[in-house]
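Engineer: I have a structure here, written as structure tokens, and I will follow up with some questions on it.
The values are calculated or read from the model by the stated rules, or taken from the named source; none is laboratory data. In this text, all values refer to a predicted model and were calculated from it rather than measured experimentally. Cβ atoms come from the backbone with ideal geometry, glycine included; neighbour counts cover every protein chain shown.
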């Protein structure tokens with residue numbers, strides 16, 4: 001039996017631009033034209049924008065970071081990810097459960113990034129993000145969530161926001177003789193290896209901390225949250241991963257020390273920030289040592305952090321687990337933790353990474369994802385060996401865990417930012433991810449991706465889940 005056009009269009013729009021769960025369906029004889037127009041217009045708008053950027057390259061040669069003679073630059077990127085999860089066994093589901101019957105979602109983003117050199121060493125940067133789409137199950141159900149481009153706030157129609165607007169000052173710490181030598185080589189460049197970098201404004205904390213050469217960019221590398229950043233670090237950020245704050249970096253040859261202070265959200269993982277700055281703040285510190293192993297570069301980074309926010313306490317909340325969600329509890333609590341981050345090149349075309357993370361796990365996850373312990377590792381291989389040097393293949397695995405009181409909270413029906421099945425038969429969450437990035441040309445790459453999640457959301461009663469994706473990424 002042929003399906004009515006309106007029903008077919010309704011299903012198509014749910015896949016491309018999901019509606020809220022439980023929304024009533026339209027009658028078959030109403031809304032077909034509106035649905036078709038909405039779906040087509042949204043996709044046509046994106047197609048026109050991306051086509052114009054892809055085939056036209058005005059202004060893109062300007063880059064103040066690469067040439068002292070140029071004072072401004074503008075760059076673009078766009079990433080489209082289509083992702084689905086196959087049906088998997090589940091004895092029960094809760095508010096924050098991954099959909100066990102299978103589903104497909106997509107996300108798309110477009111960034112316009114501008115940089116202006118204000119003076120020697122001074123630069124202002126801004127980034128306008130346009131995004132649309134939803135993560136699987138509205139970005140819940142797995143602590144190591146499989147799509148680094150999915151935000152907790154999904155959008156059926158494109159929305160825009162300023163994600164970066166900050167001032168950066170770079171001050172040379174080189175001696176007079178070295179500084180003069182550096183200026184002779186490049187009059188506009190500051191002496192590398194001995195400098196102080198100050199950043200203040202609106203930007204992601206992860207622009208400065210927890211960087212990694214092989215696992216840091218969901219638009220071109222691994223997509224899972226637990227590979228993009230240290231999953232145990234409940235780093236300060238709003239729903240879109242941005243905050244306000246200031247950081248300082250001192251670079252002395254192969255050593256770099258970083259420190260920063262930032263705002264936290266007013267409620268758990270929300271867009272609005274908490275302006276009670278005496279009680280709500282987050283500190284981060286990192287020490288980095290760069291080295292060379294048999295001529296191949298690598299780095300070791302030690303991270304520490306302390307977050308104060310209106311987060312609830314798990315032990316106190318066991319009397320009423322549902323009271324902790326979103327608004328936290330009365331009074332402010334703190335959370336601290338540590339991380340280790342390593343990357344190492346083994347050959348010119350082969351490198352690997354390791355991350356370890358730990359937090360005290362006593363108080364509510366406030367900003368990122370429900371992880372108190374994490375260990376991840378992976379390798380990345382470029383395609384020189386088979387004649388495609390622009391291609392990259394990667395495979396990585398992560399094991400996530402939570403504290404004992406956090407387990408009790410979830411077992412009692414508590415809800416976190418990304419997990420909460422209503423009950424819990426605890427098991428460590430393990431995720432395996434592999435991807436292959438094909439370099440198509442003109443800045444475009446296409447990456448099939450597969451992830452396998454064992455005990456999603458720490459629950460032995462659910463899963464394992466097989467998650468597949470295709471990513472299209474373009475940048476200029």
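Yes or no, residue by residue, for (1) touching a strand residue (DSSP E or B) at 6+ places or on another chain (Cβ under 9 Å); (2) outside the structural domain of residue 308 (by TED's automatic domain parsing); (3) farther than 30 Å from residue 272 by Cβ:
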site: 369; (1), (2), (3): yes, no, no
site: 383; (1), (2), (3): yes, no, yes
site: 392; (1), (2), (3): yes, no, yes
site: 418; (1), (2), (3): no, no, no
site: 422; (1), (2), (3): no, no, no
site: 426; (1), (2), (3): yes, no, yes
site: 446; (1), (2), (3): yes, no, yes
site: 449; (1), (2), (3): yes, no, yes
site: 465; (1), (2), (3): yes, no, yes
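Engineer: A follow-up question, please. Taking the criterion of being in a strand (DSSP E or B) and modelled with pLDDT under 95, would at least one residue in segment 141-155 satisfy it?
Structural biologist: Yes - at least one qualifying residue is present in segment 141-155.
Engineer: Consider segment 435-467. How many of its residues are over 18 Å from the mean Cα position of the chain (by Cα), surrounded by fewer than 24 Cβ atoms within 10 Å (Cβ to Cβ) and assigned to a strand (DSSP E or B)?
Structural biologist: The qualifying residues number 13.
Conditions (1) under 28 Å from residue 243 (Cα atoms); (2) surrounded by 24 or more Cβ atoms within 10 Å (Cβ to Cβ); (3) free of Cβ contacts under 8 Å to residues at least 24 places away in the same chain; (4) touching a helix residue (DSSP H, G or I) at 6+ places or on another chain (Cβ under 7 Å), marked per residue:
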position: 353; (1), (2), (3), (4): yes, yes, no, no
position: 357; (1), (2), (3), (4): yes, yes, no, no
position: 361; (1), (2), (3), (4): yes, no, no, yes
position: 364; (1), (2), (3), (4): yes, yes, no, yes
position: 370; (1), (2), (3), (4): yes, yes, no, no
position: 376; (1), (2), (3), (4): yes, yes, no, yes
position: 390; (1), (2), (3), (4): no, no, no, no
position: 399; (1), (2), (3), (4): yes, no, no, no
position: 403; (1), (2), (3), (4): yes, no, no, no
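Engineer: Which condition breaks for residue 420 when tested against (1) surrounded by fewer than 22 Cβ atoms within 10 Å (Cβ to Cβ); (2) on the phi > 0 side of the Ramachandran plot?
Structural biologist: (1) is the only condition that residue 420 fails.
Quick grid of which residues meet (1) surrounded by fewer than 19 Cβ atoms within 10 Å (Cβ to Cβ); (2) closer than 30 Å to residue 419 by Cβ; (3) at pLDDT 95 or above; (4) not assigned by TED's automatic domain parsing to the domain that holds residue 136:
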position: 61; (1), (2), (3), (4): yes, no, no, no
position: 64; (1), (2), (3), (4): yes, no, no, no
position: 81; (1), (2), (3), (4): no, yes, yes, no
position: 89; (1), (2), (3), (4): yes, yes, yes, no
position: 98; (1), (2), (3), (4): no, yes, yes, no
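Engineer: Which residue out of 424, 432, 381 is assigned to a loop (DSSP other than H, G, I, E, B) and without any contact (Cβ under 8 Å) to a residue 40 or more places away in the chain?
Structural biologist: None of the others qualify; the one that does is 424.
Engineer: Kindly check whether there is at least one residue in segment 163-172 that is at pLDDT below 95, in a loop (DSSP other than H, G, I, E, B) and either in contact with a helix residue (DSSP H, G or I) (Cβ under 7 Å, 6 or more places away or on another chain) or more than 30 Å from residue 252 (Cβ to Cβ) (or both).
Structural biologist: Checked against the condition, which is being at pLDDT below 95, in a loop (DSSP other than H, G, I, E, B) and either in contact with a helix residue (DSSP H, G or I) (Cβ under 7 Å, 6 or more places away or on another chain) or more than 30 Å from residue 252 (Cβ to Cβ) (or both), segment 163-172 yields no hits at all.
Engineer: If you go through segment 312-335 one residue at a time, how many are at pLDDT below 80 and crowded, with 19+ Cβ neighbours inside 10 Å?
Structural biologist: Result for segment 312-335: 4.
Engineer: So which residues in segment 412-434 are within 25 Å of the chain's Cα centre (by Cα) and over 25 Å from residue 469 (Cα atoms), if there are any at all?
Structural biologist: Correct list: 414, 415, 416, 427.
Engineer: What number goes with the only condition from (1) surrounded by fewer than 17 Cβ atoms within 10 Å (Cβ to Cβ); (2) in contact with a helix residue (DSSP H, G or I) (Cβ under 7 Å, 6 or more places away or on another chain) that residue 291 does not pass?
Structural biologist: (2)
Engineer: Only one of (1) more than 25 Å from residue 267 (Cα to Cα); (2) out of contact with any helix residue (DSSP H, G or I) (no Cβ under 8 Å at 6 or more places or on another chain); (3) surrounded by fewer than 16 Cβ atoms within 10 Å (Cβ to Cβ) is not met by residue 348, so which one is it?
Structural biologist: Unmet condition: (2).
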